[in-house]
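Data block below; observations after.
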Amino acid sequence: MTTLSREETEALIAEVLEVYPEKAKKDRAKHLAANDTSIEQSKKCITSNRKSLPGVMTIRGCAYAGSKGVVWGPIKDMIHISHGPVGCGQYSRAGRRNYYVGTTGIDTFGTMNFTSDFQEKDIVFGGDKKLTKLIEEVEQLFPLHNGISVQSECPIGLIGDDIESVSKKSSVVIGKPVIPVRCEGFRGVSQSLGHHIANDAIRDWVLDKRDGQAFESTPYDVAIIGDYNIGGDAWATRILLEEMGLRVVAQWSGDGTLAEMMNTPKVKLNLLHCYRSMNYISRHMEEKYGIPYMEYNFFGPTKIIESLRKIAGFFDDSVKEKTEAMIARYQPMMDAIIAKYKPRLQGKKVMLYVGGLRPRHVIGAYEDLGMEVIGTGYEFAHNDDYDRTIKEMGDATLLYDDVTGFELEEFVKRLKPDMVGSGIKEKYIFQKMGIPLRQMHSWDYSGPYHGYDGFAIFARDMDIALSNPTFKNLTPPWKKVDAEEVKKAA
Ligand code: SF4
(Lines give C-alpha, C1' and ligand atoms only; values in the text may rest on other atoms or scores of the structure.)
Protein backbone atom coordinates (compact mmCIF):
# COMPACT_ATOMS: atom_id res chain seq x y z
CA MET A 1 0.00 0.00 0.00
CA THR A 2 1.49 3.35 -0.96
CA THR A 3 1.29 6.46 1.17
CA LEU A 4 -2.19 7.96 1.25
CA SER A 5 -3.11 11.55 0.40
CA ARG A 6 -4.95 13.62 3.02
CA GLU A 7 -8.25 13.06 1.19
CA GLU A 8 -7.68 9.32 1.09
CA THR A 9 -6.85 9.14 4.80
CA GLU A 10 -9.95 11.17 5.66
CA ALA A 11 -12.07 8.97 3.42
CA LEU A 12 -10.62 5.89 5.14
CA ILE A 13 -11.58 7.26 8.57
CA ALA A 14 -15.09 8.10 7.38
CA GLU A 15 -15.53 4.64 5.89
CA VAL A 16 -14.47 2.86 9.09
CA LEU A 17 -16.73 5.07 11.23
CA GLU A 18 -19.71 4.36 9.00
CA VAL A 19 -20.67 1.29 11.07
CA TYR A 20 -21.29 3.30 14.28
CA PRO A 21 -24.55 4.96 15.35
CA GLU A 22 -24.56 8.73 14.72
CA LYS A 23 -23.57 9.78 18.29
CA ALA A 24 -20.71 7.30 18.52
CA LYS A 25 -19.53 8.24 15.04
CA LYS A 26 -19.38 11.91 16.03
CA ASP A 27 -17.47 11.13 19.21
CA ARG A 28 -14.94 8.77 17.69
CA ALA A 29 -14.33 11.08 14.71
CA LYS A 30 -12.65 13.54 17.11
CA HIS A 31 -10.06 10.89 18.01
CA LEU A 32 -9.07 9.94 14.46
CA ALA A 33 -7.17 12.24 12.13
CA ALA A 34 -4.95 12.66 9.12
CA ASN A 35 -1.70 14.09 10.46
CA ASP A 36 -1.04 17.73 9.66
CA THR A 37 2.64 18.61 9.97
CA SER A 38 1.95 22.30 9.33
CA ILE A 39 0.19 22.87 12.67
CA GLU A 40 1.89 23.42 16.03
CA GLN A 41 -0.93 22.32 18.29
CA SER A 42 -2.47 18.92 17.89
CA LYS A 43 -5.75 19.98 19.52
CA LYS A 44 -6.62 21.44 16.13
CA CYS A 45 -6.63 17.94 14.65
CA ILE A 46 -7.16 15.31 17.39
CA THR A 47 -8.86 14.96 20.79
CA SER A 48 -7.27 12.87 23.54
CA ASN A 49 -7.48 11.92 27.23
CA ARG A 50 -11.26 11.60 27.18
CA LYS A 51 -13.49 8.90 28.61
CA SER A 52 -13.69 5.86 26.35
CA LEU A 53 -17.01 5.36 24.64
CA PRO A 54 -19.24 2.78 26.36
CA GLY A 55 -19.78 -0.26 24.16
CA VAL A 56 -16.60 -0.03 22.14
CA MET A 57 -13.61 -2.20 22.93
CA THR A 58 -11.00 0.10 24.45
CA ILE A 59 -7.52 -1.27 25.04
CA ARG A 60 -6.79 1.02 28.00
CA GLY A 61 -5.83 0.08 31.54
CA CYS A 62 -6.85 1.61 34.87
CA ALA A 63 -5.31 4.09 37.32
CA TYR A 64 -4.11 1.24 39.56
CA ALA A 65 -2.24 -0.22 36.56
CA GLY A 66 -0.64 3.17 35.93
CA SER A 67 0.52 3.55 39.52
CA LYS A 68 1.39 0.03 40.62
CA GLY A 69 2.17 -1.48 37.24
CA VAL A 70 4.18 1.38 35.81
CA VAL A 71 5.56 3.90 38.32
CA TRP A 72 5.80 2.21 41.75
CA GLY A 73 6.05 -1.50 40.90
CA PRO A 74 9.64 -1.42 39.58
CA ILE A 75 11.09 0.21 42.74
CA LYS A 76 12.79 -2.96 43.75
CA ASP A 77 13.63 -2.64 47.44
CA MET A 78 10.09 -1.73 48.44
CA ILE A 79 7.08 -3.97 48.89
CA HIS A 80 4.08 -2.78 46.92
CA ILE A 81 0.83 -4.02 48.40
CA SER A 82 -2.04 -4.45 45.95
CA HIS A 83 -4.71 -3.43 48.41
CA GLY A 84 -8.08 -4.98 47.57
CA PRO A 85 -9.22 -8.22 45.92
CA VAL A 86 -6.54 -10.61 44.73
CA GLY A 87 -7.10 -10.38 40.98
CA CYS A 88 -5.78 -6.88 40.19
CA GLY A 89 -2.36 -7.69 41.62
CA GLN A 90 -2.10 -11.27 40.42
CA TYR A 91 -3.04 -10.54 36.82
CA SER A 92 -0.68 -7.56 36.64
CA ARG A 93 2.21 -9.36 38.34
CA ALA A 94 5.58 -9.32 36.55
CA GLY A 95 3.98 -8.67 33.16
CA ARG A 96 6.08 -5.62 32.38
CA ARG A 97 9.45 -7.34 32.59
CA ASN A 98 11.11 -4.64 34.72
CA TYR A 99 14.49 -6.27 35.17
CA TYR A 100 16.38 -5.74 38.41
CA VAL A 101 19.48 -6.89 40.25
CA GLY A 102 18.98 -8.40 43.69
CA THR A 103 17.78 -11.49 45.52
CA THR A 104 14.03 -11.75 45.15
CA GLY A 105 12.26 -12.20 48.47
CA ILE A 106 15.30 -11.09 50.45
CA ASP A 107 16.30 -7.57 49.45
CA THR A 108 14.29 -7.07 46.25
CA PHE A 109 10.65 -7.85 45.58
CA GLY A 110 9.84 -6.83 42.00
CA THR A 111 8.26 -10.03 40.71
CA MET A 112 6.35 -10.91 43.89
CA ASN A 113 2.67 -10.23 44.49
CA PHE A 114 1.59 -8.86 47.87
CA THR A 115 -2.15 -8.49 48.29
CA SER A 116 -4.63 -7.91 51.09
CA ASP A 117 -6.93 -10.36 49.26
CA PHE A 118 -10.21 -8.63 50.11
CA GLN A 119 -13.22 -10.80 50.89
CA GLU A 120 -16.88 -9.84 51.29
CA LYS A 121 -16.46 -9.17 55.02
CA ASP A 122 -13.68 -6.67 54.27
CA ILE A 123 -15.96 -4.80 51.90
CA VAL A 124 -18.69 -4.72 54.56
CA PHE A 125 -16.59 -3.97 57.65
CA GLY A 126 -13.61 -2.19 56.05
CA GLY A 127 -10.05 -3.34 55.47
CA ASP A 128 -7.98 -1.00 57.65
CA LYS A 129 -7.33 -3.61 60.37
CA LYS A 130 -6.39 -6.16 57.73
CA LEU A 131 -3.95 -3.70 56.17
CA THR A 132 -2.32 -2.99 59.53
CA LYS A 133 -1.89 -6.72 60.14
CA LEU A 134 -0.54 -7.27 56.62
CA ILE A 135 2.10 -4.58 57.10
CA GLU A 136 3.18 -6.22 60.37
CA GLU A 137 3.43 -9.62 58.64
CA VAL A 138 5.41 -8.13 55.75
CA GLU A 139 7.84 -6.63 58.26
CA GLN A 140 8.28 -9.98 60.01
CA LEU A 141 8.69 -12.05 56.86
CA PHE A 142 10.76 -9.63 54.75
CA PRO A 143 12.74 -7.53 57.23
CA LEU A 144 15.20 -6.27 54.60
CA HIS A 145 12.62 -4.30 52.63
CA ASN A 146 13.14 -0.53 52.75
CA GLY A 147 9.55 0.65 52.62
CA ILE A 148 5.99 -0.21 51.64
CA SER A 149 3.55 1.36 49.22
CA VAL A 150 -0.18 0.73 49.50
CA GLN A 151 -1.63 0.61 46.00
CA SER A 152 -5.40 1.04 46.26
CA GLU A 153 -7.67 -1.01 44.06
CA CYS A 154 -11.22 0.05 43.26
CA PRO A 155 -13.05 -1.10 46.43
CA ILE A 156 -10.79 0.90 48.76
CA GLY A 157 -12.08 4.21 47.45
CA LEU A 158 -15.65 2.94 47.29
CA ILE A 159 -15.85 1.83 50.93
CA GLY A 160 -13.89 4.84 52.21
CA ASP A 161 -11.02 3.10 54.03
CA ASP A 162 -8.53 5.46 55.67
CA ILE A 163 -5.28 4.09 54.26
CA GLU A 164 -3.48 7.37 55.03
CA SER A 165 -4.05 6.94 58.75
CA VAL A 166 -3.05 3.24 58.67
CA SER A 167 0.10 4.11 56.70
CA LYS A 168 1.16 6.86 59.10
CA LYS A 169 0.66 4.67 62.16
CA SER A 170 2.31 1.61 60.59
CA SER A 171 5.26 3.68 59.43
CA VAL A 172 5.96 4.65 63.05
CA VAL A 173 5.60 1.01 64.19
CA ILE A 174 7.97 -0.49 61.60
CA GLY A 175 10.27 2.54 61.39
CA LYS A 176 10.17 2.66 57.57
CA PRO A 177 8.18 4.67 55.03
CA VAL A 178 4.67 3.39 54.36
CA ILE A 179 3.16 5.30 51.47
CA PRO A 180 -0.56 5.33 50.70
CA VAL A 181 -1.40 5.71 47.01
CA ARG A 182 -4.97 6.59 46.08
CA CYS A 183 -4.82 5.01 42.65
CA GLU A 184 -8.21 3.24 42.66
CA GLY A 185 -8.81 1.91 39.17
CA PHE A 186 -11.96 3.91 38.55
CA ARG A 187 -10.18 7.26 38.80
CA GLY A 188 -9.67 9.18 35.58
CA VAL A 189 -10.12 7.87 32.07
CA SER A 190 -7.12 5.57 31.77
CA GLN A 191 -3.87 4.50 33.42
CA SER A 192 -2.63 8.04 32.81
CA LEU A 193 -4.20 9.43 35.98
CA GLY A 194 -2.54 6.57 37.88
CA HIS A 195 0.85 7.85 36.72
CA HIS A 196 -0.03 11.33 37.93
CA ILE A 197 -1.33 10.10 41.30
CA ALA A 198 1.82 7.96 41.72
CA ASN A 199 4.04 10.97 40.93
CA ASP A 200 2.12 13.06 43.47
CA ALA A 201 2.54 10.37 46.15
CA ILE A 202 6.30 10.36 45.55
CA ARG A 203 6.30 14.15 45.82
CA ASP A 204 4.32 14.16 49.06
CA TRP A 205 5.63 11.05 50.82
CA VAL A 206 9.17 10.48 49.52
CA LEU A 207 11.04 13.54 48.27
CA ASP A 208 10.35 15.83 51.21
CA LYS A 209 11.59 13.26 53.70
CA ARG A 210 15.20 13.69 52.60
CA ASP A 211 15.25 17.49 52.52
CA GLY A 212 18.26 18.89 54.36
CA GLN A 213 20.20 15.61 54.56
CA ALA A 214 23.88 15.43 53.51
CA PHE A 215 24.75 14.28 50.00
CA GLU A 216 28.12 14.29 48.25
CA SER A 217 27.45 15.93 44.89
CA THR A 218 29.44 16.07 41.69
CA PRO A 219 28.88 18.47 38.79
CA TYR A 220 27.90 15.49 36.63
CA ASP A 221 25.02 14.03 38.64
CA VAL A 222 21.94 13.07 36.65
CA ALA A 223 18.84 10.93 37.17
CA ILE A 224 17.18 8.73 34.56
CA ILE A 225 13.47 9.49 34.82
CA GLY A 226 10.74 7.42 33.15
CA ASP A 227 12.75 4.36 32.16
CA TYR A 228 11.23 1.18 33.53
CA ASN A 229 14.10 -1.10 32.53
CA ILE A 230 11.93 -3.26 30.30
CA GLY A 231 14.26 -6.09 29.24
CA GLY A 232 17.20 -4.01 30.55
CA ASP A 233 16.48 -0.65 28.82
CA ALA A 234 17.74 1.51 31.68
CA TRP A 235 20.96 -0.49 31.87
CA ALA A 236 21.64 0.11 28.15
CA THR A 237 20.97 3.80 28.80
CA ARG A 238 23.12 4.03 31.91
CA ILE A 239 26.15 2.59 30.07
CA LEU A 240 26.05 5.50 27.61
CA LEU A 241 25.53 8.20 30.23
CA GLU A 242 28.42 6.88 32.27
CA GLU A 243 30.65 6.70 29.20
CA MET A 244 29.88 10.39 28.66
CA GLY A 245 31.30 11.08 32.10
CA LEU A 246 28.01 11.52 33.94
CA ARG A 247 27.13 9.99 37.29
CA VAL A 248 23.72 8.33 37.35
CA VAL A 249 22.40 8.91 40.85
CA ALA A 250 18.98 7.40 40.34
CA GLN A 251 16.89 5.28 37.99
CA TRP A 252 13.18 6.04 38.05
CA SER A 253 11.97 3.51 38.45
CA GLY A 254 13.31 0.42 36.65
CA ASP A 255 15.89 -1.30 38.88
CA GLY A 256 15.58 1.76 41.15
CA THR A 257 15.51 2.04 44.93
CA LEU A 258 13.78 4.26 47.45
CA ALA A 259 17.09 5.89 48.44
CA GLU A 260 17.80 6.75 44.78
CA MET A 261 14.47 8.53 44.55
CA MET A 262 15.14 10.40 47.78
CA ASN A 263 18.52 11.56 46.47
CA THR A 264 17.21 12.79 43.13
CA PRO A 265 16.56 16.39 44.26
CA LYS A 266 20.36 16.70 44.53
CA VAL A 267 21.15 15.99 40.85
CA LYS A 268 22.07 18.64 38.28
CA LEU A 269 19.78 17.43 35.50
CA ASN A 270 16.83 15.09 35.25
CA LEU A 271 16.80 13.09 32.02
CA LEU A 272 13.24 12.29 31.06
CA HIS A 273 12.54 9.40 28.71
CA CYS A 274 8.86 8.63 29.25
CA TYR A 275 7.42 12.13 29.28
CA ARG A 276 3.82 10.98 29.78
CA SER A 277 4.30 9.00 32.97
CA MET A 278 6.84 11.21 34.76
CA ASN A 279 6.59 14.77 33.47
CA TYR A 280 4.71 15.63 36.67
CA ILE A 281 7.53 14.82 39.09
CA SER A 282 10.10 16.34 36.72
CA ARG A 283 8.19 19.63 36.68
CA HIS A 284 7.84 19.48 40.46
CA MET A 285 11.60 19.03 40.93
CA GLU A 286 12.21 21.91 38.55
CA GLU A 287 9.85 24.20 40.46
CA LYS A 288 10.79 23.18 44.00
CA TYR A 289 14.48 22.30 43.73
CA GLY A 290 15.45 24.22 40.59
CA ILE A 291 16.57 21.06 38.75
CA PRO A 292 15.96 21.36 35.01
CA TYR A 293 14.72 18.35 33.07
CA MET A 294 15.49 17.37 29.51
CA GLU A 295 13.51 15.01 27.29
CA TYR A 296 15.55 12.55 25.27
CA ASN A 297 15.03 9.59 22.95
CA PHE A 298 17.34 6.56 22.98
CA PHE A 299 15.63 4.54 20.21
CA GLY A 300 17.77 4.12 17.07
CA PRO A 301 21.10 5.76 16.24
CA THR A 302 19.70 8.96 14.71
CA LYS A 303 17.73 9.87 17.81
CA ILE A 304 20.40 8.53 20.17
CA ILE A 305 23.08 10.77 18.66
CA GLU A 306 20.74 13.77 18.65
CA SER A 307 19.91 13.13 22.32
CA LEU A 308 23.50 12.46 23.43
CA ARG A 309 24.60 15.79 21.95
CA LYS A 310 21.66 17.58 23.53
CA ILE A 311 22.49 16.11 26.96
CA ALA A 312 26.23 16.82 26.57
CA GLY A 313 25.36 20.43 25.68
CA PHE A 314 24.21 20.93 29.25
CA PHE A 315 27.64 20.03 30.67
CA ASP A 316 31.24 21.20 30.21
CA ASP A 317 33.69 20.44 27.39
CA SER A 318 35.02 17.27 29.02
CA VAL A 319 31.56 15.68 28.70
CA LYS A 320 31.15 16.99 25.14
CA GLU A 321 34.52 15.50 24.11
CA LYS A 322 33.77 12.12 25.70
CA THR A 323 30.38 12.12 24.01
CA GLU A 324 31.83 12.76 20.55
CA ALA A 325 34.45 10.06 21.10
CA MET A 326 31.73 7.65 22.18
CA ILE A 327 29.53 8.44 19.19
CA ALA A 328 32.52 7.80 16.90
CA ARG A 329 33.33 4.55 18.68
CA TYR A 330 29.80 3.16 18.28
CA GLN A 331 29.32 4.35 14.69
CA PRO A 332 30.94 1.30 13.03
CA MET A 333 28.66 -0.98 15.08
CA MET A 334 25.60 1.01 13.99
CA ASP A 335 26.78 1.02 10.35
CA ALA A 336 27.21 -2.75 10.45
CA ILE A 337 23.70 -3.27 11.88
CA ILE A 338 22.15 -1.02 9.28
CA ALA A 339 24.15 -2.64 6.47
CA LYS A 340 22.92 -6.06 7.61
CA TYR A 341 19.25 -5.33 8.19
CA LYS A 342 18.30 -2.35 6.03
CA PRO A 343 18.38 -4.26 2.73
CA ARG A 344 15.97 -6.80 4.27
CA LEU A 345 13.65 -4.25 5.89
CA GLN A 346 13.77 -1.32 3.47
CA GLY A 347 10.34 -0.05 2.49
CA LYS A 348 8.42 -2.18 5.01
CA LYS A 349 5.45 -0.41 6.54
CA VAL A 350 4.50 -0.44 10.21
CA MET A 351 1.43 0.55 12.20
CA LEU A 352 1.86 1.26 15.89
CA TYR A 353 -0.53 1.37 18.80
CA VAL A 354 1.14 1.62 22.17
CA GLY A 355 0.94 3.56 25.45
CA GLY A 356 2.04 7.13 26.02
CA LEU A 357 5.55 7.47 24.55
CA ARG A 358 6.61 4.78 22.11
CA PRO A 359 4.12 5.59 19.33
CA ARG A 360 6.39 8.56 18.59
CA HIS A 361 9.73 7.60 20.15
CA VAL A 362 10.33 4.48 18.04
CA ILE A 363 9.56 6.11 14.68
CA GLY A 364 13.22 7.15 14.21
CA ALA A 365 14.49 3.63 14.94
CA TYR A 366 12.22 2.19 12.23
CA GLU A 367 13.36 4.91 9.85
CA ASP A 368 17.01 4.09 10.57
CA LEU A 369 16.22 0.64 9.16
CA GLY A 370 14.51 2.07 6.08
CA MET A 371 11.02 1.29 7.38
CA GLU A 372 8.05 3.64 7.44
CA VAL A 373 5.44 4.18 10.14
CA ILE A 374 2.14 4.73 8.31
CA GLY A 375 -0.18 4.95 11.31
CA THR A 376 0.31 5.59 15.01
CA GLY A 377 -1.72 6.15 18.13
CA TYR A 378 -1.74 6.11 21.90
CA GLU A 379 -3.79 4.37 24.56
CA PHE A 380 -3.56 7.19 27.09
CA ALA A 381 -1.77 10.19 25.57
CA HIS A 382 -2.69 13.80 26.22
CA ASN A 383 -2.50 16.54 23.62
CA ASP A 384 1.06 17.50 24.60
CA ASP A 385 2.05 14.00 23.40
CA TYR A 386 0.31 14.51 20.06
CA ASP A 387 1.96 17.96 19.77
CA ARG A 388 5.26 16.06 19.82
CA THR A 389 3.98 13.37 17.45
CA ILE A 390 2.78 15.47 14.54
CA LYS A 391 6.34 16.48 13.68
CA GLU A 392 7.62 12.89 13.78
CA MET A 393 5.00 11.42 11.45
CA GLY A 394 4.61 12.04 7.73
CA ASP A 395 1.96 14.46 6.52
CA ALA A 396 -1.51 12.90 6.13
CA THR A 397 -0.51 9.68 7.90
CA LEU A 398 -3.15 8.16 10.13
CA LEU A 399 -3.38 9.12 13.84
CA TYR A 400 -5.73 7.30 16.18
CA ASP A 401 -6.37 7.99 19.86
CA ASP A 402 -7.75 5.29 22.22
CA VAL A 403 -8.50 3.35 19.07
CA THR A 404 -11.16 0.66 19.44
CA GLY A 405 -10.52 -2.98 18.61
CA PHE A 406 -12.84 -2.68 15.61
CA GLU A 407 -11.24 0.48 14.24
CA LEU A 408 -7.68 -0.83 14.54
CA GLU A 409 -8.59 -4.07 12.77
CA GLU A 410 -10.31 -2.17 9.99
CA PHE A 411 -7.42 0.27 9.56
CA VAL A 412 -4.96 -2.61 9.39
CA LYS A 413 -7.12 -4.50 6.87
CA ARG A 414 -7.30 -1.44 4.61
CA LEU A 415 -3.75 -0.05 4.98
CA LYS A 416 -2.11 -3.50 4.88
CA PRO A 417 1.05 -2.76 6.87
CA ASP A 418 3.83 -5.34 6.78
CA MET A 419 3.88 -5.34 10.55
CA VAL A 420 1.98 -4.11 13.61
CA GLY A 421 3.71 -2.94 16.81
CA SER A 422 1.28 -3.11 19.73
CA GLY A 423 0.47 -5.16 22.85
CA ILE A 424 -0.62 -8.58 24.03
CA LYS A 425 -4.31 -7.78 23.54
CA GLU A 426 -3.72 -7.13 19.85
CA LYS A 427 -1.01 -9.71 19.21
CA TYR A 428 -2.98 -12.83 18.38
CA ILE A 429 -5.70 -11.05 16.43
CA PHE A 430 -3.21 -9.68 13.92
CA GLN A 431 -1.04 -12.78 13.86
CA LYS A 432 -4.10 -14.85 13.00
CA MET A 433 -4.75 -12.38 10.20
CA GLY A 434 -1.27 -13.27 8.91
CA ILE A 435 0.39 -10.02 9.97
CA PRO A 436 3.54 -10.16 12.11
CA LEU A 437 3.20 -8.30 15.41
CA ARG A 438 5.91 -7.23 17.81
CA GLN A 439 4.81 -6.35 21.31
CA MET A 440 6.00 -2.82 21.87
CA HIS A 441 5.07 -2.64 25.56
CA SER A 442 7.13 -5.60 26.78
CA TRP A 443 9.47 -6.05 23.77
CA ASP A 444 7.93 -9.50 23.31
CA TYR A 445 10.17 -11.23 25.86
CA SER A 446 13.22 -9.57 24.27
CA GLY A 447 15.06 -6.27 24.74
CA PRO A 448 16.59 -3.99 25.67
CA TYR A 449 15.62 -1.66 22.83
CA HIS A 450 17.14 1.52 24.32
CA GLY A 451 20.64 2.74 23.51
CA TYR A 452 23.14 1.38 21.03
CA ASP A 453 22.97 -2.12 22.51
CA GLY A 454 19.21 -1.98 22.26
CA PHE A 455 19.19 -0.98 18.61
CA ALA A 456 21.10 -4.15 17.67
CA ILE A 457 18.35 -6.21 19.32
CA PHE A 458 15.53 -4.07 17.93
CA ALA A 459 16.81 -4.50 14.36
CA ARG A 460 17.23 -8.26 14.79
CA ASP A 461 13.73 -8.64 16.29
CA MET A 462 12.03 -6.68 13.51
CA ASP A 463 13.83 -8.82 10.96
CA ILE A 464 12.88 -12.05 12.75
CA ALA A 465 9.23 -11.00 12.73
CA LEU A 466 9.14 -9.80 9.12
CA SER A 467 11.19 -12.64 7.67
CA ASN A 468 9.21 -15.34 9.46
CA PRO A 469 7.61 -17.43 6.67
CA THR A 470 4.78 -18.59 8.98
CA PHE A 471 2.59 -15.57 8.40
CA LYS A 472 2.56 -15.85 4.61
CA ASN A 473 1.48 -19.48 4.84
CA LEU A 474 -1.22 -18.90 7.43
CA THR A 475 -4.91 -19.22 6.66
CA PRO A 476 -6.93 -17.54 9.40
CA PRO A 477 -9.35 -19.94 11.14
CA TRP A 478 -12.41 -17.98 10.02
CA LYS A 479 -11.36 -18.23 6.36
CA LYS A 480 -10.71 -21.97 6.74
CA VAL A 481 -14.29 -22.54 7.93
CA ASP A 482 -15.61 -20.67 4.89
CA ALA A 483 -13.56 -22.79 2.53
CA GLU A 484 -14.84 -26.03 4.13
CA GLU A 485 -18.43 -24.85 4.03
CA VAL A 486 -18.11 -23.92 0.38
CA LYS A 487 -16.69 -27.39 -0.30
CA LYS A 488 -19.59 -29.04 1.56
CA ALA A 489 -22.15 -26.92 -0.22
CA ALA A 490 -20.65 -27.87 -3.56
S1 SF4 B 1 -10.23 -1.18 37.41
FE2 SF4 B 1 -10.25 -1.59 39.63
S3 SF4 B 1 -10.83 -3.77 39.79
FE4 SF4 B 1 -10.10 -3.43 37.66
S5 SF4 B 1 -7.89 -3.92 37.71
FE6 SF4 B 1 -8.09 -1.69 38.07
S7 SF4 B 1 -8.11 -1.53 40.32
FE8 SF4 B 1 -8.56 -3.68 39.84
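Of the conditions (1) part of a helix (DSSP H, G or I); (2) at pLDDT 95 or above, D208 clears all except one; give me its number. (2) is the only condition that D208 fails. Residue-level check: of (1) away from the ligand (no atom under 16 Å from the Cβ); (2) part of a helix (DSSP H, G or I), K68 misses just (1). Out of the residues in segment 90-99 that are of a type outside the set (K, R) and surrounded by fewer than 22 Cβ atoms within 10 Å (Cβ to Cβ), which is farthest from the ligand (Cβ to nearest atom)? Among those residues, the one meeting the criterion is Y99.
No other residue among K30, K44, K25 is more than 21 Å from S422 (Cα to Cα) and touching a helix residue (DSSP H, G or I) at 6+ places or on another chain (Cβ under 7 Å) apart from K25.
I'd like the residue in segment 258-309 that is among the charged types (D, E, K, R) and either out of contact with any strand residue (DSSP E or B) (no Cβ under 9 Å at 6 or more places or on another chain) or at positive phi (or both) and, out of all such residues, is surrounded by the fewest Cβ atoms within 10 Å (Cβ to Cβ). Residue satisfying both the conditions and the ranking: E287.
Of the residues making up segment 71-89, those that are more than 10 Å from the ligand (Cβ to nearest atom) and not aliphatic (A, V, I, L, M) are W72, G73, P74, K76, D77, H80.
Of the residues that sit in segment 43-65 and are more than 16 Å from the ligand (Cβ to nearest atom) and modelled with pLDDT of 95 or more, which one is surrounded by the fewest Cβ atoms within 10 Å (Cβ to Cβ)? Only one residue fits best here, namely R50. Taking segment 203-217 as the range and being closer than 19 Å to F315 by Cα and surrounded by fewer than 12 Cβ atoms within 10 Å (Cβ to Cβ) as the test, only E216 passes. Looking across segment 232-270, the residues that are farther than 26 Å from F109 by Cβ and assigned to a strand (DSSP E or B) come down to R247, L269.
Here A94 passes the criteria (1) more than 21 Å from the chain's Cα centre (by Cα); (2) at pLDDT below 95 except the one numbered (1).
The values are calculated or read from the model by the stated rules, or taken from the named source; none is laboratory data. Just so it is clear, the model here is predicted, and its values are computed rather than measured. A quick note on method: Cβ atoms are made from the backbone with ideal geometry, for glycine too, and the neighbour counts reach across all protein chains shown.
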